[in-house]
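Shown next, in C-alpha cells, is the structure this report addresses.
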Amino acid sequence: MYQYDSYDQSMVDARVAEFRGQVERRLAGDLTEDQFKPLRLKNGLYLQLHAYMLRVAVPYGTLNSRQMRMLGDIADKYDRGYGHFTTRQNIQYNWIKLEDAPDILADLASVEMHAIQTSGNCIRNTTSDQFAGAAADELVDPRPYAELLRQWSTFHPEFDYLPRKFKIAIIGSETDRAAMKLHDIGIQLVKNDAGEIGCRFYVGGGMGRTPMIAPVIGDFVSPLQMVSYAEACLRVYNRYGRRDNKYKARIKILVHEIGADEYRRQVEEEFAHILTLGLEPPAAELERIKGFFEQPGFDANASDELDLSDPDFALWVDQNVHAHKQPGYAIVNISLKPVGGIPGDATADQIRLMADLALAHSFDELRVTHAQNIVLPHVKKADLYGLWQKLDEAGLAAANLDLIGDIIACPGLDYCALANARSIPVAQKISNRFADLGRQRELGELKLKISGCINACGHHHAGHIGILGVDRKGVENYQLLLGGCEGADTSLGTITGPGFNEDGIVDAVEKATDVYLAQRAEGERFVDTYRRIGMAPFKEAIYAKEPANG
Amino acid sequence: MVEQNLRYRSDEPVSDPAVTVDAFADQNNATAVRIEPGDDARALLPHLDRIALVEVNFPAYTDGRGYSAARILREHGYAGELRAVGDVLLDQLSHMRRCGFDSFAPNQAISSEAADKAFATWPDVYQKTVDGRPAIWAKRHPA
C-alpha cells in the first residue's frame, strides 16, 4: 500500500490547519453560512436534514488496518457508533457536530487519511477495482496510476471550480468491477500487441438524470502522458462545459452536445500544447509509487485444498469468495447487507473487527467496494474457515454477494437533503421479502440498486433491477427500471411504467423475478433474460389487474 | 465598490482602461483588455507583445473559467499584469496565484496580511503550473 512521505503528510496537515481556521471564522460569525458552505464542502462536510455529514475519502478504496480501526474509533467518538460505506468507495458519518470536524480531520491525518475534495465541483476521489493486485484476470495493477491521479488532482488550482463535480475511475482488468464507463473519465489500462501498457480514456459517462455510457476518446495514451491527457480533458471541460444549468453541466452533456469526435479534436489540440509544458511527473515517480504496491510475501507452499464439509461455510465460499491470482489464496468479500439491514452500514465494533482480520489474515489490507461491501484481498485458503466463523459471530457473514439481497442504496430521505424519497426502508423490505438464501441463490446474480432521487447515487440506472424514488405531489413514489448493467456489457435500465408506493414496489420486484424464473433459458441471468425477451412480458405481469374476487 | 488592489509586481501599474476582447481586436493602441468568462483567451495570443494588463472577470467565484484563461496566457508567454477582478474571495487567492494572477481587485476588500497568509497555505504543491513552484514530484526526483 502507498505510504505518505513528508510531502504528502505536510499537505494533509496544512489542510487540517486551514479548515480549523475556517471553522473558527464560521463559529465566530466572521463567515456567513453562504460563505462557509463552499469551504466546508471542499472538505466533505455537508449540512443534511438532521446534522452535518462528513464524507471521508478512501483513495481508490484501499485501506490498511490502522486506517480502518480509526474509522471505527471516529464512529464511536464523534458519531453514533456506526459509519456508512458509499457507492464511491468512501465512508460517511451522518451525525457530526461542526465544532468536532477539525478534530476528526486531524485524527484522519494521523493515519494518512483526509476528506479532501469529497464534495464540491472539483475532481473527486479516484475509484478503482476492489480486486486490484489480487484478481486472477488482472493485466495491470491500477493502484499506482490511481495514486498518481490522486496526487495530481489534489488541490489542482485550475480545476477547483469546474461546471460540476468530476469523477474518475481506473481499472486494469478485462472485467470491469468499477462501473468505469459510467464515470466522467474512465481509464482502462490495456496492453498492445507489443506488450506495452496504454491508458484507454473513456470520457463523458455518468448517471444522474441523464445517464450516458462514455465513448472512447483516447484509445492508447502512454502511461507517461496520462496526467497530461487528463489535464487536457479537464481543461476543455472547464472552458466549455455548460454553466447555465446545473443539470446540464456534467461533462457527459458537453461530449454529447459537441460529439465525441469534436471533443476528441479539442482534447488532442490541448494535449499537444500541454505536452510542451513538462507537467507530467517523470517515470521515476511512477516507479517510486509502484514500489509501494509490490506483491505481498505470499506463501508459495500454501495449500489450495479447502474443507467444505460445513454446509453454511460452503455456501459462503461459493458466493462470497473470489479467485485469487496466487495459488492457495482467495479474495474474501464481506457483505454489509445482512437480511433487513441498511446497505453499507457497519458498526464501530464491526469496523474494528474487519481491521483486526485484515491485519491477521490479509497482509494488512482492506478494500471498500462500490457495491458498499468490504474486501479482504489476500487471504490464505487455509485461514478461510476460522475467518468465516469470526465474521459470522459479528453478523458479517451474509452469503449474498451479487444476489438480490446485496442491495445498493443511497442514504435517501432518512438523511439526505437532496432526496425525494426514502431508500433505506425499501431496501430493508426487499431484503426481508427475499430473506431466504435458497431463494436468492435460485435467482442467481441479480443486482438491485435504489436511489432516493434523480441524482442516482444509488446507481439505479445500472441495476439489473433499479428503483428510483420520486416525489409525486408530496407522496413518495417509486419507479421501477429493468435491464441496467455495469461492466463490459454496460447498459442503462428502462422504466417499466407508472410508479408504486413503498409496498407496491416490493411486490413489483417480486413479480419481475417471477417472470424471470418462468422464462429463463439455461444459464441466463436476470438481465440476460430481460435482454432476450424484452420489457413486454415483465410489464404485463407487473401491471396485471388482480382478479376481482381474489 | 471598494477600489482596492492587491498587486505583486514591481513595474508601474497601467492606467489605460481595459477594453473588451471584441473591441481590442479593432483598437491597435489599446494596452489593457478585459476577459469575461465566455471569452476565448487564445484570441489574444497574436497580440501579447502589446498588452500590459489583462483583467479576468469573475462575476461569481463559482465560475472557474478564468483560471484556465490565466494559465493559457501565461503558458504562451504573457508577462504583463494579470488581474483577477470581481467576486474574488480570500480562500481562492492561493489557487489564482498558482494559475498566474499577480494582482487582484476583489469586490470586497481583502487585507494584504490575510492575502499573504492565504498564499502561504500550502507548504508544497503537487502540480507544475505557471507560478514557478517546483512540484512535489520534482523535489522527490531532483534532476
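The values are calculated or read from the model by the stated rules, or taken from the named source; none is laboratory data. Computed from a predicted structure; not experimentally measured. Using ideal geometry, Cβ is built from the backbone for each residue, glycine included, and neighbour counts are taken over all protein chains shown. All accessible areas refer to the heavy atoms of the entire protein, side chains included, with ligands and DNA or RNA removed. Shrake-Rupley method; radii C 1.70, N 1.55, O 1.52, S 1.80 Å.
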> Quick one: would you say A:Ala371 is in contact (Cβ under 8 Å) with a residue 12 or more places away in the chain and not assigned by TED's automatic domain parsing to the domain that holds A:Gln67?
Replying inline: no
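Restricting to region B:111-143, name every residue that is of a type in the set (A, V, I, L, M), modelled with pLDDT under 95 and part of a loop (DSSP other than H, G, I, E, B).
Of everything in region B:111-143, those that are of a type in the set (A, V, I, L, M), modelled with pLDDT under 95 and part of a loop (DSSP other than H, G, I, E, B) turn out to be B:Ala120, B:Ala143.
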> So is A:Arg264 surrounded by 15 or more Cβ atoms within 10 Å (Cβ to Cβ), more than 10 Å from every other protein chain (Cβ to nearest Cβ) and not hydrophobic (A, V, I, L, M, F, W, C) or not?
Replying inline: yes
> Can you spot a residue in region A:486-495 that is open to solvent by less than 10 Å² (accessible area, probe 1.4 Å) and hydrophobic (A, V, I, L, M, F, W, C)?
Replying inline: no
> So is A:Ala115 touching a residue at least 60 places away in the same chain (Cβ under 8 Å), small (Gly, Ala, Ser) and either outside the structural domain of A:Cys199 (by TED's automatic domain parsing) or under 30 Å from A:His50 (Cα atoms) (or both) or not?
Replying inline: yes
> From the residues in region B:109-143 that are surrounded by fewer than 16 Cβ atoms within 10 Å (Cβ to Cβ) and touching a residue at least 60 places away in the same chain (Cβ under 8 Å), which one is farthest from the other protein chains (Cβ to nearest Cβ)?
Replying inline: B:Ser112
> Considering only residues of region A:33-51 that are at negative phi and away from chain B (no Cβ under 12 Å), which is most open to solvent (accessible area, probe 1.4 Å)?
Replying inline: A:His50
> Only one of (1) in a loop (DSSP other than H, G, I, E, B); (2) crowded, with 23+ Cβ neighbours inside 10 Å; (3) free of Cβ contacts under 8 Å to residues at least 40 places away in the same chain fails for A:Ala419. Which number is that?
Replying inline: (3)
> Counting only residues that are outside any helix (DSSP H, G or I) and open to solvent by 40 Å² or more (accessible area, probe 1.4 Å), which one in region A:496-520 is nearest to A:Gly206 (Cα to Cα)?
Replying inline: A:Pro498
> Can you tell me which residues in region A:283-295 are without any contact (Cβ under 8 Å) to a residue 40 or more places away in the chain and either surrounded by 12 or more Cβ atoms within 10 Å (Cβ to Cβ) or more than 10 Å from every other protein chain (Cβ to nearest Cβ) (or both)?
Replying inline: A:Arg288, A:Gly291, A:Glu294
>> Please go through region A:108-145 and give me each residue that is in a helix (DSSP H, G or I) and under 17 Å from the mean Cα position of the chain (by Cα), ordered by number.
In response: A:Arg143
> Just for region B:67-83: of the residues that are among the charged types (D, E, K, R) and facing another protein chain (nearest Cβ under 8 Å), which one is nearest to B:Asp39 (Cα to Cα)?
Replying inline: B:Arg71
> Among the residues of region B:84-105, is there at least one that is touching a residue at least 40 places away in the same chain (Cβ under 8 Å), part of a loop (DSSP other than H, G, I, E, B) and within 12 Å of another protein chain (Cβ to nearest Cβ)?
Replying inline: yes
> How about region A:1-94: which strands (runs of 3 or more DSSP E) wholly inside it have at least 3 residues that are within 19 Å of the chain's Cα centre (by Cα)?
Replying inline: A:52-56, A:82-85
> Pick from region A:422-448 the residues that are closer than 18 Å to A:Leu482 by Cα and open to solvent by 30 Å² or more (accessible area, probe 1.4 Å): which of them is nearest to the chain's Cα centre (by Cα)?
Replying inline: A:Lys447
>> Can you find, within region A:146-190, the residue that is nearest to the other protein chains (Cβ to nearest Cβ) among those that are within 17 Å of the chain's Cα centre (by Cα) and free of Cβ contacts under 8 Å to residues at least 40 places away in the same chain?
In response: A:Gly186
> Among the residues of region A:296-332 satisfying the criterion of being open to solvent by 30 Å² or more (accessible area, probe 1.4 Å) and free of Cβ contacts under 8 Å to residues at least 40 places away in the same chain, which is nearest to B:Lys139 (Cα to Cα)?
Replying inline: A:Ala300
>> Take the conditions in contact with a Phe, Trp or Tyr (Cβ under 8 Å, 6 or more places away or on another chain), within 14 Å of chain B (Cβ to nearest Cβ) and not aromatic (Phe, Trp, Tyr) and apply them to A:Gln9. Does it pass?
In response: no
